[in-house]
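See below for the structure under consideration.
The values are calculated or read from the model by the stated rules, or taken from the named source; none is laboratory data. Model, not experiment: these values are computed from the prediction. Glycine also receives a Cβ, built like all others from the backbone with ideal geometry; neighbour counts cover every protein chain displayed. These accessible areas exclude ligands, DNA and RNA; they are computed on the full protein's heavy atoms, side chains included. Shrake-Rupley method; radii C 1.70, N 1.55, O 1.52, S 1.80 Å.
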Amino acid sequence: MADWLVAGAGIGGLATALALQGIGLQTQVWEQAESFGEVGAGIQLGPNVTRILRRWGLGEALERQAVSPLAMLSCDALSGRELGRLDLQAAGQRYGAPFLTVHRADLHALLLAALDPARVKAHLGHALSDVRVGADGSLAVTNTRGDLSQAAALIGADGLWSRVRELWGTQDVPLPTGHWAYRALLPTRLLSTRWREPLIRVWMAPGLHAVHYPVRRGEWLNVVVLVEGRLPAQSGWDVPLDPGQISADVQSALRGMCRDLHDVLRPVETWRAWSLWARPDVRGPQQMAHGRVALLGDAAHPMLPYLAQGAGMAIEDAWQLAQSVQTQGPEDVAGALADYARARWARNAQVQRQARRNGRIFHLSGPMAWARNAALRWDGPRWMDQPWLYGGK
């Protein structure tokens, strides 16, 4: 049988290869970049995700690299007041798996190291060029080097600007949201003791919010400031803007924020900019699989980062894909991909909706912000917890 082909070697692509490896399939991974690098910064992993990583045997190695935060705090960025607190240690026990914060590159490296070269062949510098479907449903896949491969299935894990999605014939394109994320990593040795605590803090203000939490065994603080409508949208994780321009824009956005928030962000010397794009919510399984081709992660359902589940949903997708192949049998590729899409589309759409809703809630102003703050002060854990999300998978 021909290998399964995964386009994209980000977290979603490597998770897919690892999941398929676990059920005995041969897989090729084509990555257009010439090398693996430290793309991105910190990510949050809820129990729905760490539960899967533990099943793949990565739990101990991940926890050596990550941080297990004590709590998540919701704060008013104008006054500095703490509004609500969710005990993440207790929640982790309740859901049977921990909350963790990790550097994206560390998680990527763990997934890569877990791949068996006898089962998975990863090829760098291989950008997907074309896909031809035979009369019998077989796939002939070509890359930009001119290499031709026969594939049992093609899984598009190639991100927001997915080439697989484009070749599939989908006419939609990502749409700018008007939101920007400014990211930085700070050595915690530069911070006062207060800001070294293992906590996730979310600061909310009109039109923006900031998030920070420790990664890399607590040696670094991941910082993100998310702002509406500051600059024209551009694509890419690291938009090539002048560092001085980025810094000035961050400072302008933060004008009027509380002393505490300025205190924790003051040591940042270099910000990286990321323009946020989106697609409409997934509307049905047909948008995630057709025949022997399926989409996964951001290629299928890009979502705003306001629920911290982008990587998590890609990992859930990979887990479900392997389960569907086991259920349907590896010979029934189209049936397995259809089963995968049926199992995943509604949950992904729900996360997309909730992430967008969180963005609106975080950025409220006036009386609506006062009502939000009052609700968090009254019963923060109930509003901050997500049993429907963390209890899944």
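Of all DSSP beta bridges in region 2-89, what percent run antiparallel (nearest 5)?
On the way: 5 of 9 bridges.
Within region 2-89, antiparallel bridges account for around 55 percent of the total.
Which one, Trp56, Trp168, Trp370, has the greatest fluctuation when you compute a Gaussian network model over the chain with C-alpha springs under 10 angstrom?
Among Trp56, Trp168, Trp370, the largest GNM mean-square fluctuation belongs to Trp370.
Sequence-distant or interchain residues sharing an amide H contact under 5 Å with Ala71, placed H: which?
Excluding prolines and chain starts, which carry no amide H, the hits are Leu88, Ile200.
Given Cα pairs under 8 Å that are at least 6 residues apart, what percent is the relative contact order of the chain? Walk me through the intermediate numbers first.
Numbers: 824 pairs, mean separation 87.1, N = 393.
Once divided by the residue count of the chain, the mean separation gives 22 percent.
Going by Cα centres, region 63-96 and region 354-393 are how many Å apart?
14
Could you work out how far the C-alpha centroid of region 112-168 sits from that of region 303-340, in angstrom?
If we compute the Cα centre of each part, the gap is 17 Å.
Quick one: which residues, 5+ away or cross-chain, put their amide H under 5 Å from the amide H of His179? H built at 1.01 Å from N.
Amide H neighbours of His179: Gly229, Leu276.
Can you pull out the GluC sites (Glu not before Pro) in region 1-91 whose DSSP state is coil and whose Cβ has at most 16 other Cβ atoms within 10 Å?
Details: sites: Glu31, Glu34, Glu38, Glu60, Glu63, Glu82; in loops: Glu34, Glu38.
Here the GluC sites (Glu not before Pro) that fit, given the DSSP loop and packing criteria, are Glu34, Glu38.
Which residue, Gly137, Gly218, Gly42, tops the fluctuation ranking in a GNM of the chain built on C-alpha contacts under 10 Å?
Gly137
With +1 on each Lys and Arg Cβ and -1 on each Asp and Glu Cβ, how big is the dipole of region 1-97 about its Cα centre, in debye rounded to the nearest 20?
Numbers: 7 positive and 9 negative charges, 92 e Å.
Dipole of region 1-97, to the nearest 20 debye: 440 debye.
Return one number: the angle in degrees, 0 to 90 and rounded to the nearest 10, between the long axis of the Cα atoms of helix 310-328 and the longest principal axis of the Cα atoms of the chain.
In the chain, helix 310-328 runs at an angle near 30 degrees to the longest axis.
Going by a ≥ b ≥ c, the root eigenvalues of the Cα gyration tensor, does region 336-379 fall in the rounded group (a/c under 1.5), the prolate group (a/b larger than b/c) or the oblate group?
Working: a/c = 7.41, a/b = 3.30, b/c = 2.24.
Prolate.
What GluC sites (Glu not before Pro) does region 140-231 have in DSSP loop regions with at most 16 other beta carbons within 10 Å?
Hits after loop and neighbour filter: Glu219.
Only Lys, Arg, Asp and Glu count, each charged at its Cβ (+1, +1, -1, -1), so figure out the dipole size of the chain about its Cα centre, rounded to 20 debye.
1120
Run the numbers for Arg217 and Ala2: contour at 0.36 nm per residue of separation, minus the present Cα-Cα distance, in nm.
Working: separation 215, 0.36 × 215 = 77.40 nm, distance 4.14 nm.
Gain in length upon complete extension: 73.3 nm.
From the phi of every residue in region 335-349, what ³J(HN,Hα) in whole Hz does the Karplus formula 6.51 cos²θ - 1.76 cosθ + 1.60 yield, where θ is phi - 60° and glycine or proline is x?
Karplus-based 3J(HN,Hα) across region 335-349 equals x, 5, 5, 5, 5, 4, 5, 4, 6, 10, 5, 5, 5, 4, 5 Hz.
Please say if region 10-72 is rounded, prolate or oblate, where rounded means a/c under 1.5 for a ≥ b ≥ c the square roots of the C-alpha gyration tensor eigenvalues, and otherwise the choice is prolate for a/b larger than b/c and oblate otherwise? Working shown, then result.
Details: a/c = 2.59, a/b = 1.36, b/c = 1.91.
Judged from the Cα gyration tensor, region 10-72 comes out oblate (a/c at least 1.5, b/c at or above a/b).
Residue by residue, what Karplus-based ³J(HN,Hα) values in Hz, rounded to whole numbers, does region 200-216 have, using 6.51, -1.76 and 1.60 with θ = phi - 60° and x for Gly and Pro?
9, 10, 10, 9, 10, 8, x, x, 7, 8, 10, 9, 8, 6, x, 9, 6
Tally the DSSP beta bridges in the chain and give the antiparallel ones as a percent, rounded to 5.
On the way: 49 of 71 bridges.
Of those bridges, close to 70 percent are antiparallel.
How large is ³J(HN,Hα), in whole Hz, for each residue of region 354-365 in order, when computed from phi with the Karplus curve 6.51 cos²θ - 1.76 cosθ + 1.60 and θ = phi - 60°, using x for Gly and Pro?
The phi angles translate into 5, 4, 5, 5, 4, x, 5, 5, 4, 9, 5, 9 Hz.
Using 0.36 nm times the number of residues separating Leu175 and Arg132, minus their current alpha carbon distance, what extension gain do you get?
Values: separation 43, 0.36 × 43 = 15.48 nm, distance 2.81 nm.
Working it through step by step, the gained length comes to 12.7 nm.
Roughly to the nearest percent, how much of the accessible area of the chain is carbon and sulfur, given a 1.4 Å probe? Each step should come with its number before you reach the end.
Working: 8450 of 16590 Å².
Carbon plus sulfur share of accessible area: 51 percent.
Counting only heavy atoms of protein chains, what accessible area per residue, in Å², does the chain have with a probe of 1.4 Å? Could you put the intermediate results ahead of the total?
Numbers: 16590 Å² over 393 residues.
I get 42 Å² per residue for the chain.
What are the trypsin sites (Lys or Arg not before Pro) within region 240-341 that DSSP puts in a loop, where the Cβ has at most 16 other Cβ atoms within 10 Å? Spell out each step's value before the answer.
Working: sites: Arg255, Arg259, Arg272, Arg283, Arg292; in loops: Arg255, Arg283, Arg292.
Counting only loop positions with at most 16 other Cβ atoms within 10 Å, the trypsin sites (Lys or Arg not before Pro) in region 240-341 are Arg255, Arg283.
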